[in-house]
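Novice: Submitted below is the structure of interest, expressed as structure tokens.
What follows is calculated from the coordinates using simple rules that are stated; it is not laboratory data. Everything numeric in this text was worked out from a predicted model, so none of it was measured. Positions of Cβ are backbone-derived with ideal geometry, glycine not excepted, and every protein chain shown enters the neighbour counts.
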Amino acid sequence: MDTIRVQTTINGEAVEFLCEGHETLLTALRDRVGLTGTKEGCATGDCGACSVIMSERLVPSCLVLAPEAEGRTITTIEGIANGSGLHPLQQAFLTHSALQCGVCTPGFIVAGKALLDANPNPTETEVRYWLAGNLCRCTGYDKIIRAVLDAADHMRRSQA
Amino acid sequence: MSAIRYEAPQSVAQAVGLMAADPGASIIAGGTDLLVQFRGGVKRPSAFIDVKRIPELTSITLDASGLRLGAATPAAEICEHAEIRRLWPGLVEAVHLIGSTQIQGRGTVGGNLCNASPAADTTCALIVSRAHCVIAGTRGERTVAVEDFCTGPGKTLLQPGELLVALRLPRPGPRTADAYLRLIPRTEMDIAVAGAGVSLTLDARGTCTDARVAIGAVSPTALLVPAAAEALIGTSVDRAAVARAAEAASAAARPIDDKRGTIAYRRKVVGVLTSRAVTIAVDRVKGR
């Protein structure tokens, strides 16, 4: 058989799945591993809905082949909260009503987390450029930007 | 429909062997062009040869002689490298313009070159920095100047079984700086209507002793424009010299009409971008 066995780490847990050589990581996450929080928007790398963090880099999982996950470390939206406690970004999105239909939201939160991991004190301009590859077709961007800035502020103060 | 294989060679020799054994196989680096083309039915390789497990393709080395960029180094890693930012600000500007944060986490400078888009932002910046491509094949390694690598839209001089391994850039001399500018109708996430890269060297009195100018998105491949460089060399890069360089860039352009711009507009704009990039490069030299 041409099916490939992949061993990887997703959200801190060892995971094994079978996939085809041309399958994307997005498809494998959703249909093989059952982690459907990561969304398919455009499937061409333009919308950011499928963003995940792979080996500490923010990537569009629609443009990653599933077998590439072998031996890598992946964080998806399901790995952002700490158990039942929401991540400050998730809480800020609720507080600011920074979502409507919610399809783009996992991508924004994963991208926001990658930003705050790299830069805990971003300016509004830095947030806007960082998130330029995440598209939202209903809320508009302002609430999302406010939520990310608010989460960053909250995280810095709780660290102090 | 037969299954598409996935291979992850650990060495250049293994990758070359896999490519030579299967003419239908395709190298995958970041996949940001290839997988979109695959999804759109434009390309259907018999195998994906993932070169990101090969240390020579994913490492950056910088020493006294210059920079070696593994062809599969992601754009983000280049932008984060403080010494590259200091020595090649124009190259980093070009790399940083490619797509979104997510695309920069995947897309590679070698892939950008191999995709051979006339509008590829990095190509002009690499040309003005005198980059050379290190190519591996079954008959060994060869090196070509980056301005000769692309032969037309989507076409390169890579022969079947050959693989782009790295880009080598000589270390810039003293009082040398580069700059890259492109025009897009938005602020982010678009493809160049026109682009211009400049690298120049000034002596202590401010006379230009060396220059390279390259233009993109205005011909089938990015073009080195020697006439624009000649307009600058030997001058104090005064307004008249900058205007002559801009005219030379416009004259060298061979653009097409398409949804992003007309022939006349592109020809004019590439001159404007050239003059602005020259000014930025001069300011960078003087600021050092």
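Novice: For the pair B:K43 and B:V144, how long in nm is the line joining their label points, each one 7 Å along Cα→Cβ?
Specialist: Spacing of the two 7 Å Cα→Cβ label points: 1.7 nm.
Novice: Would you mind telling me which residue in A:G71, A:G133, A:G83 has the biggest mean-square fluctuation in a Gaussian network model of chain A, where springs connect alpha carbons within a distance under 10 angstrom?
Specialist: A:G83
Novice: Here's another thing I want to ask about it. Hey, any idea what Rg/Rh is for chain B, computing Rh the Kirkwood way over Cα pairs?
Specialist: Rounded to two decimals, Rg/Rh equals 0.98.
Novice: Pick from A:A14, A:A147, A:A43: which is most flexible by mean-square fluctuation in a GNM of chain A where alpha carbon atoms under 10 Å apart are linked?
Specialist: Between A:A14, A:A147, A:A43, it is A:A14 that shows the largest mean-square fluctuation.
Novice: Just rank B:Y265, B:Y180, fewest to most, by other beta-carbon atoms within 10 angstrom.
Specialist: Ranked by crowding around the Cβ, least crowded first: B:Y265, B:Y180.
Novice: So what's the back-of-envelope 222 nm ellipticity for chain A, counting only DSSP H runs of four-plus at -39500 (n - 2.57) apiece and dividing by all residues, rounded to 500?
Specialist: Value at 222 nm, helices only: -9000 deg cm²/dmol.
Novice: Can you tell me the length gained on complete extension of the stretch B:R171 to B:D238, counting 0.36 nm per residue apart and subtracting the Cα distance?
Specialist: 21.5 nm
Novice: As a test of the formula, what do you get for chain B when each DSSP H run with n ≥ 4 contributes -39,500 (n - 2.57) and the sum is divided by the residue count, at 222 nm and rounded to the nearest 500 deg cm²/dmol?
Specialist: -10500 deg cm²/dmol
Novice: Taking only the alpha-carbon positions of the stretch A:1-100 and ignoring solvent, what does the Debye formula give for the base-10 log of I(q)/I(0) at q = 0.16, 0.21, 0.23 Å⁻¹?
Specialist: -0.68, -1.09, -1.25
Novice: Something else about it: In terms of modelled amide H atoms, which long-range or inter-chain residues lie less than 5 Å from the amide H of B:I27?
Specialist: B:I49
Novice: For the stretch B:109-123, just list the computed ³J(HN,Hα) in residue order, Karplus coefficients 6.51, -1.76 and 1.60, θ = phi - 60°, integers in Hz, with x standing in for Gly and Pro.
Specialist: Running phi through 6.51 cos²θ - 1.76 cosθ + 1.60 with θ = phi - 60° gives 5, x, x, 4, 6, 5, 5, 6, 6, x, 9, 4, 5, 6, 4 Hz.
Novice: Cut-off is 10 Å between beta-carbons; in what order do B:K52, B:K43 appear when sorted fewest neighbours first?
Specialist: Arranged by neighbour count, lowest to highest, B:K52, B:K43 become B:K43, B:K52.
Novice: Something else now. Defining a contact as two alpha carbons under 8 Å apart and six or more residues distant in sequence, what relative contact order in percent does chain B show?
Specialist: Contact order relative to length: 16 percent.
Novice: With a cut-off of at most 11 other beta carbons within 10 Å, and DSSP calling the residue loop, which trypsin sites (Lys or Arg not before Pro) in the stretch B:71-139 qualify? Please list them.
Specialist: Taking the stretch B:71-139 and a limit of 11 other Cβ atoms within 10 Å, the loop trypsin sites (Lys or Arg not before Pro) found are B:R139.
Novice: A follow-up question, please. Let me know the volume per residue of the alpha-carbon convex hull for the protein assembly as shown, in Å³.
Specialist: Taking only Cα atoms, the protein assembly as shown has a hull volume of 154 Å³ per residue.
Novice: I've got another one for you. Residue by residue through the stretch B:136-153, which ³J(HN,Hα) values in whole Hz follow from phi under the Karplus form 6.51 cos²θ - 1.76 cosθ + 1.60 (θ = phi - 60°), with glycine and proline marked x?
Specialist: So the Karplus estimates, Gly and Pro as x, are 9, x, 5, 9, x, 9, 9, 10, 10, 5, 4, 5, 9, 6, 8, 10, x, x Hz.
Novice: Quick one: B:V144, A:V110, fewest Cβ neighbours within 10 Å first, how do they rank?
Specialist: B:V144, A:V110
Novice: Taking 8 Å as the Cα distance limit and 6 or more residues as the minimum spacing, I'd like the relative contact order of chain A as a percentage.
Specialist: Relative CO of chain A lands at 23 percent.
Novice: In a GNM of chain B with a 10 Å cut-off on Cα contacts, which of B:T262, B:T143, B:T176 has the highest mean-square fluctuation?
Specialist: B:T262
Novice: Amide H to amide H, which residues 5 or more places from B:T151 or on other chains are under 5 Å from it, using H placed in the peptide plane?
Specialist: The answer is B:T156, B:L157.
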